[in-house]
1. Look at Gln14 and say whether it is assigned to a helix (DSSP H, G or I), at pLDDT 90 or above and either surrounded by 15 or more Cβ atoms within 10 Å (Cβ to Cβ) or over 14 Å from the mean Cα position of the chain (by Cα) (or both).
2. If Gln152 passes every condition in (1) over 18 Å from Trp16 (Cα atoms); (2) in a helix (DSSP H, G or I) but one, which one does it miss?
3. Across segment 88-116, what is the total count of residues that are part of a strand (DSSP E or B) and among the acidic types (Asp, Glu)?
4. I'm trying to understand the selection: among the residues of segment 146-180, which are of a type in the set (Lys, Arg) and touching a Leu at 6+ places or on another chain (Cβ under 9 Å)?
5. Considering only residues of segment 50-95 that are in contact with a helix residue (DSSP H, G or I) (Cβ under 6 Å, 6 or more places away or on another chain) and small (Gly, Ala, Ser), which is surrounded by the most Cβ atoms within 10 Å (Cβ to Cβ)?
6. Let me spell it out: the conditions are (1) closer than 16 Å to His15 by Cα; (2) among the hydrophobic types (A, V, I, L, M, F, W, C); (3) modelled with pLDDT of 95 or more; (4) exposed (fewer than 15 other Cβ atoms within 10 Å of the Cβ), and Trp104 meets all of them except one. Which number is the exception?
7. Quick check on Tyr94: is it hydroxyl-bearing (Ser, Thr, Tyr) and closer than 21 Å to Tyr18 by Cα?
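The values are calculated or read from the model by the stated rules, or taken from the named source; none is laboratory data. The structure displayed is predicted, hence computed values, not measured ones. So basically every Cβ, Gly included, is an ideal-geometry build from the backbone, and we count neighbours across all protein chains shown.
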Amino acid sequence: MTEAPDPIPISALQHWCYCPRQCALIHVEQVFADNLHTQRGQAVHKLVDQPGAETRDGLRVERALPIWNDALGLIGKADVVEFVFDGTPYPVEYKHGSRAKAPWIAACDDLQVAAQALCLEEMTGRVVPQGAIFYATSKRRRVVAINAALRQRVYDATEAVRAQIINSEIPPPINDMRCKQCSLIELCQPHIGHDIAHSKEASELFNPNV
């Protein structure tokens, strides 16, 4: 009997979406560092990190709810899950900042909410058609439609992260605008690694026997 693979934290999908190298450094090399962005995120999550439940505006609201999907091999914790009158869950992920985020960052946030939705579907047996991102600075929500394309992104990201972890793959640095906001920039050394990678490519191009 084949053993089930070790579960992947949902946060790894968000890390992989932002930068595969960042994901590898955190989940393969087991290194991490804080910066202003991560500290702000931690401050926001303190609002919802204490497990608990309440009824508000006719909704049952669960905070810091452990979630999982055995079929995909995902585990995590949902910041807030609102259960409507028929028991359908509605995940809400808390983020610092406002809705005016770069589209590629928003796409990673959407992936995280979708992964939570797929976990909640397996746990409750109910289809989760929507979730939301709550931005602490603007105190506004952005609705995320859990459509077929987004679901496929969850499947693809989960497969990519699992392969990266199993094979201990550390991708080369990207060295683009993402690096400025990354807390691992000093550990990653994107400028140095990027230059080395390009020097090697140039050497192989002009010296095919190298």
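1. Values: assigned to a helix (DSSP H, G or I): yes; at pLDDT 90 or above: yes; either surrounded by 15 or more Cβ atoms within 10 Å (Cβ to Cβ) or over 14 Å from the mean Cα position of the chain (by Cα) (or both): yes.
Criteria met by Gln14.
2. Result: Gln152 fails condition (1) only.
3. Within segment 88-116, the subset part of a strand (DSSP E or B) is 89-95.
Going one step further and asking which of them are among the acidic types (Asp, Glu), we end up with 93.
Matching residues across segment 88-116 total 1.
4. The answer is Arg151, Arg153.
5. Filtering first and then ranking leaves Ala78.
6. Condition (3) is where Trp104 drops out.
7. Values: hydroxyl-bearing (Ser, Thr, Tyr): yes; closer than 21 Å to Tyr18 by Cα: yes.
Yes, satisfied.
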